[in-house]
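Asker: Got a structure for you, written out below as structure tokens; questions coming shortly.
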Amino acid sequence: MLTEFHIGIDDTDSRLAGCTTYTAALLFQELISRGFKPLDFPWLVRLNPNIPWKTRGNGALSLHFSLEDGRLEEVEKIAVATVEHTTDLNQRETDPAVVFLKGLIPNSLREFSARALHDILSVREASQIAMDAGAEAHLLKGSRGLVGALASVGADFDHDHTFEIIAYRTPENIGTTRRVNHDSVRQMDAIFRRLTFNNIDPETGRVLICPHGPDPVLLGVRGEDPASVTNAFNQLEINEPIESIIIFKTNQGTNAHLSCHRRIEALRPYQSTVITGRVSGAPRIVRGGHVIFKTGDETGAVDCAAYRATGSVRETALQLAPGDSVTVSGGIRLQPLGELTLNVEKLELTRVVDMVRLENPSCSNCGIKCESMGKGQGFRCRKCKARLPRASRVEKIEHRKIALGVYIPPPRAHRHLTKPSSRDGIRRPISFEIDRANIDRTLESLASISTAS
Ligand SMILES: [Zn+2]
């Protein structure tokens with residue numbers, strides 16, 4: 001009897017070495033090499049990025065296989081061994097967890113996963129959901145990793161998803177400069193701009209596909225479908241050996257974390273959220289060059305912070321005026337005195353108010369602009385000395401320097417989940433949904449890349 005079998009992995013990250021995607025890649029390849037049949041590409045699921053105690057990327061991974069009941073134990077043993085093998089348990093911030101779920105994914109788990117994108121979930125709740133779903137958890141140290149491991153299994157990629165091809169470095173090169181020809185990245189970007197994203201930061205020319213630091217990832221190319229990321233990868237000139245290559249299906253670049261609208265009174269620290277309201281005070285610049293503006297709805301008001309690095313978001317925030325209608329998305333931070341701020345990741349300006357300026361009147365005889373006779377006084381024509389009362393000031397509608405629309409930070413300041421503007425209007429090709437032949441073809445092409453390099 002064949003059954004669906006799902007494996008979730010979280011938090012094998014540590015600051016010095018290791019990378020959860022690497023653990024999942026190894027496990028996927030190991031299971032493939034033993035003849036197990038995947039139901040889909042391995043999933044790289046990014047969860048709420050505004051939780052401060054998680055690693056920056058807050059990623060979890062899940063693998064989905066179809067296998068015979070009699071071989072479940074074998075797969076579980078390989079999975080636990082792979083996680084143990086790739087994790088340095090002495091790292092303080094590492095709390096790896098592996099979750100196994102046999103059969104269909106229940107709705108309670110899907111709902112849990114949806115909330116893990118924008119809310120704070122407790123280990124206690126995760127344990128309850130796991131128990132109800134009949135999922136089995138292996139905690140290698142603490143229990144914090146349970147939330148991510150479980151959430152990755154129930155992720156929903158139906159509305160939108162992307163792919164990332166990741167190449168890993170051989171151990172002796174980890175920690176050294178990545179030898180990827182940057183000109184070849186620019187050429188690749190020129191060819192595959194509509195099918196891949198965030199290769200290059202357009203304003204600075206900075207190459208974004210290579211991470212920094214001592215992790216095993218050489219590079220990752222993100223795009224719309226497995227064939228495009230593979231073709232784009234083949235355009236790159238790489239001058240160091242590659243240990244392995246994998247393609248993940250992922251929610252990166254989809255704004256999946258900015259899906260929950262909340263009223264301002266319901267905001268809590270570390271949520272990712274969307275609020276809609278009106279600007280209720282003039283924007284101000286604070287130390288560091290960040291711009292703060294207050295937004296209010298019928299339930300309250302909250303300070304919204306557009307950081308210097310957010311580029312056009314900050315520029316737009318600076319031009320806001322009281323009464324403007326906005327939809328603001330981002331993460332909720334707790335300030336030292338207990339107040340909340342919303343760190344802006346996306347700003348939509350839906351309506352601007354007219355800004356009225358009072359101008360001195362013109363003289364009815366000469367047509368020239370009159371001068372004020374002093375504070376609270378009337379006006380006088382410089383030429384014919386005619387006088388006009390204070391009330392004769394004219395209202396002039398000021399030209400607003402901002403356009404309605406959606407503003408997001410430049411690619412260099414994107415989080416993994418940020419939907420780049422280049423993906424606007426893209427509709428997912430439904431034919432890529434769980435297509436066995438497509439997975440097999442991609443795995444074959446990956447194998448040929450690996451042996452060629
Ligand atoms: Zn005059």
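The values are calculated or read from the model by the stated rules, or taken from the named source; none is laboratory data. Nothing here was measured: the structure is a model prediction, and the numbers come from that model. When we count neighbours, we look across all protein chains shown, and the Cβ atoms used for this are built from the backbone with ideal geometry, even at glycine.
Asker: Look through 401, 375, 385 and report the one residue that is within 16 Å of the ligand (Cβ to nearest atom), basic (Lys, Arg), assigned to a loop (DSSP other than H, G, I, E, B) and exposed (fewer than 12 other Cβ atoms within 10 Å of the Cβ).
Answerer: Unique residue meeting the criteria: 385.
Asker: Within the range 269-326, take every residue that is part of a helix (DSSP H, G or I) and among the aliphatic types (A, V, I, L, M) and give me the one that is surrounded by the fewest Cβ atoms within 10 Å (Cβ to Cβ).
Answerer: Looking at residues that are part of a helix (DSSP H, G or I) and among the aliphatic types (A, V, I, L, M), I get 309.
Asker: Examine the range 405-418 for a residue that is free of Cβ contacts under 8 Å to residues at least 24 places away in the same chain and not small (Gly, Ala, Ser), and state whether such a residue exists. Write out each step before concluding.
Answerer: In the first step, residues of the range 405-418 are kept if they are free of Cβ contacts under 8 Å to residues at least 24 places away in the same chain; the result is none.
No, the range 405-418 contains no residue that is free of Cβ contacts under 8 Å to residues at least 24 places away in the same chain and not small (Gly, Ala, Ser).
Asker: In the range 37-68, which residues are in a loop (DSSP other than H, G, I, E, B), at pLDDT 90 or above and charged (D, E, K, R)?
Answerer: Correct list: 40 only.
Asker: Out of 189, 215, 183, which single residue is charged (D, E, K, R), in a helix (DSSP H, G or I) and surrounded by 15 or more Cβ atoms within 10 Å (Cβ to Cβ)?
Answerer: Going through 189, 215, 183 in turn, the sole match is 189.
Asker: So which residues in the range 346-364 are near the ligand (Cβ under 10 Å from one of its atoms) and at pLDDT 90 or above, if there are any at all?
Answerer: Restricting attention to the range 346-364, the residues satisfying the condition of being near the ligand (Cβ under 10 Å from one of its atoms) are 362-364.
Answer for the range 346-364, where residues must be near the ligand (Cβ under 10 Å from one of its atoms) and at pLDDT 90 or above: 362, 363.
Asker: For the range 197-212: of the residues being farther than 15 Å from residue 164 by Cα and free of Cβ contacts under 8 Å to residues at least 40 places away in the same chain, which is surrounded by the most Cβ atoms within 10 Å (Cβ to Cβ)?
Answerer: Of everything passing the filter in the range 197-212, 207 is surrounded by the most Cβ atoms within 10 Å (Cβ to Cβ).
Asker: Turning to a different aspect of this structure: Inspect all residues belonging to the range 185-205 and state whether any of them is more than 30 Å from residue 238 (Cα to Cα) and in contact with a strand residue (DSSP E or B) (Cβ under 8 Å, 6 or more places away or on another chain).
Answerer: Looking for residues that are more than 30 Å from residue 238 (Cα to Cα) and in contact with a strand residue (DSSP E or B) (Cβ under 8 Å, 6 or more places away or on another chain), one finds none in the range 185-205, hence no.
Asker: Go through (1) among the charged types (D, E, K, R); (2) surrounded by fewer than 18 Cβ atoms within 10 Å (Cβ to Cβ); (3) outside any loop (DSSP other than H, G, I, E, B); (4) within 23 Å of the chain's Cα centre (by Cα) one by one and return the number of the condition residue 194 breaks.
Answerer: (3)
Asker: Residues in the range 150-159: is at least one out of contact with any helix residue (DSSP H, G or I) (no Cβ under 6 Å at 6 or more places or on another chain), among the small types (Gly, Ala, Ser) and within 29 Å of residue 105 (Cα to Cα)?
Answerer: Yes, there is a match, as at least one residue in the range 150-159 is out of contact with any helix residue (DSSP H, G or I) (no Cβ under 6 Å at 6 or more places or on another chain), among the small types (Gly, Ala, Ser) and within 29 Å of residue 105 (Cα to Cα).
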